[in-house]
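Report on the structure given below.
The values are calculated or read from the model by the stated rules, or taken from the named source; none is laboratory data. Keep in mind that what you see is a predicted model, and the values were worked out from it rather than measured. We place every Cβ from the backbone using ideal geometry, glycine too, and count neighbours over all the protein chains shown. Just so you know, the surface numbers come from the protein's heavy atoms only, side chains and all, with ligands and any DNA or RNA stripped out. Shrake-Rupley method; radii C 1.70, N 1.55, O 1.52, S 1.80 Å.
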Amino acid sequence: MAHTLMAGALVTVTPDKPAAGGRMIARHEGLVLLVSGAIPGEPVRVRVERVERSLAFAQVVEVLDPHPSRRPCQHDPRCGGAVFAHVSYPEQLRLKGDIIRDGLVRLGRIDPPPAIPVMASPEQGYRMRARLHLRAGRVGFFLEGTHQLCDAAATNQLLPATMQTIEALTGQLSLTRVQGDADLDVSENVTGDQRAVHLDLSPEASAGSLAGVTPVTGMTGLSWSRRGVSGEHVVCGHPFVEDVIAVRGTHPEVATRVGLRRHARAFFQGNRYLLSELVSTVLAACTSGLVIDLYAGVGLFGVCLAAAGDAQVVAVESHPASAADLRVNAQPYGAAITVLEMAVERFVEQRAPSGTFTLVLDPPRSGMSKPALAGALRLAAARIVFVSCDVATFARDVARLVAAGYSLESVTGFDLFPTTAHVEMVAVLSR
């Protein structure tokens, strides 16, 4: 039956399950409606935003019978991607477990465990990394799907001290002759007593008198570069932060303290509260002996494995800033870890199969490229520990591993970004 829905229409629906991306799935006149601001099982009146061939997008305008898990939302959920802000936290965790499972079933054609656990995090002040935007003297997040600034402080994702530092820095920048758009990459350590900021200027922006900027309270370093132009300039302090992670290896009663340095622009996991749990889960899934860590970043997993004393690690990273940090972080462990700065695709093409070993994969949100995955499969690891931040690419890549003969042993979720639609996943596979 042909549908009659048009943009702007008001209809009543009851969503039945969550979708990746934060909307809830409902149906009306044969169309799937992806509804923002809803909770499964809750009757709502929605306004249709747009209609595609067999899919429509809608926004809640009235809650007809509030779900027991509904709670007030204190800010625009589009700011900071807080699309689950209206949902109680225990229900958020349940929904994210359902989203992971649905992705594996629907996209990966895999039969996962009936319930996937998602480890909880405090909802406020969890972010150690953020990209903020400087426009006309104001700084903030972009409202989702727009280039309109919104107040990052209102989301409570960043520590109050972080926002105070950014506001003080913005005040200094307003006194310089910096012209044009810029983005601010903020990176801080777990304890929040080190905070480096990198200013990423648009190609047409003027650096003005940035040399005159002085350190502000809470900022350990400021650097800048211009998009599309090589080279980085340090304005003050140093552009790194450092963490110490306790790692337990062969003798679990003794913890090894592992130092990790990272540049403000280097990739690193963003949640200060779940960092140790994530590392412990990955390390516990690896067997002793050779471990190849692809997409190694600054060495969160690879360096910790080398420090634990159970593994001989090969760590592969292509991003220059991350690879530089990885080399520094690996130095104390000598021959226990080999660092290679190259693309994963090149490494797996050149590497010969190495007998029994564990493969750690932590690809970007886009997942593994076909050459990278094909090469990884050719290496024939006995065990794979797959870390991912995107349900769709996670399900796709895990399905390819299962099709190649691996068995899915376990899947665990980590709520690295509470109130948002994002969830981190760790899958363990073996053959």
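For the reader, a short list of remarks on this structure follows.
- Heavy-atom surface of the stretch 3-128, accessible at 1.4 Å and reported per residue (Å²): 48
- With a Förster radius of 25 Å applied to the C-beta separation of ARG431 and GLU349, the computed FRET efficiency comes to 0.70.
- For the stretch 7-61, the relative contact order works out to 36 percent when only alpha carbon pairs closer than 8 Å and six or more residues apart are counted.
- Summary of the geometry: the stretch 248-327 and the stretch 352-394, compared by the centres of their Cα atoms, lie 16 Å apart.
- Whole-percent carbon and sulfur share, accessible surface of the chain, 1.4 Å: 53
- Stretchable slack from ARG45 to HIS233, in nm (0.36 nm times residue separation minus alpha-carbon distance): 62.4 nm
- Most mobile listed residue (SER36, SER209, SER322) in the chain, GNM with C-alpha springs under 10 Å: SER209
- For the chain: rounded, prolate or oblate by the Cα gyration tensor [a/c cutoff 1.5]: oblate
- Figure note: ARG226, ARG265 ranked by solvent-accessible area, largest first, 1.4 Å probe, ligands and nucleic acids not counted: ARG265, ARG226.
- Residue-level accessible surface for TYR89, protein heavy atoms, 1.4 Å, Å²: 30
- Percent RCO, i.e. relative contact order, over the stretch 20-101, from Cα pairs under 8 Å lying at least 6 residues apart: 23
- Residues in the stretch 255-286 that a label on GLU242 would reach, taking backbone N under 11 Å of a point 7 Å out along Cα→Cβ: 259-262
- Rounded to 0.05, the FRET efficiency of the THR4 and THR356 pair, given R0 = 41 Å and the Cβ-Cβ distance, is 0.10.
- Computed E for SER407/THR191 - FRET, C-beta separation, R0 35 angstrom, nearest 0.05: 0.30
- Each residue, GLN164 and ALA374, gets one label point 7 Å from its Cα in the Cβ direction; the gap between the two is 5.5 nm.
- In this Cβ point-charge picture (+1 for Lys and Arg, -1 for Asp and Glu), the stretch 86-197 has a dipole of about 180 debye about its Cα centre.
- The slack in the chain from CYS73 to GLN331, taken as 0.36 nm per residue of separation less the alpha-carbon distance, amounts to 88.2 nm.
- Rolling a 1.4 Å probe over the protein heavy atoms gives the stretch 331-431 an accessible area of 38 Å² per residue.
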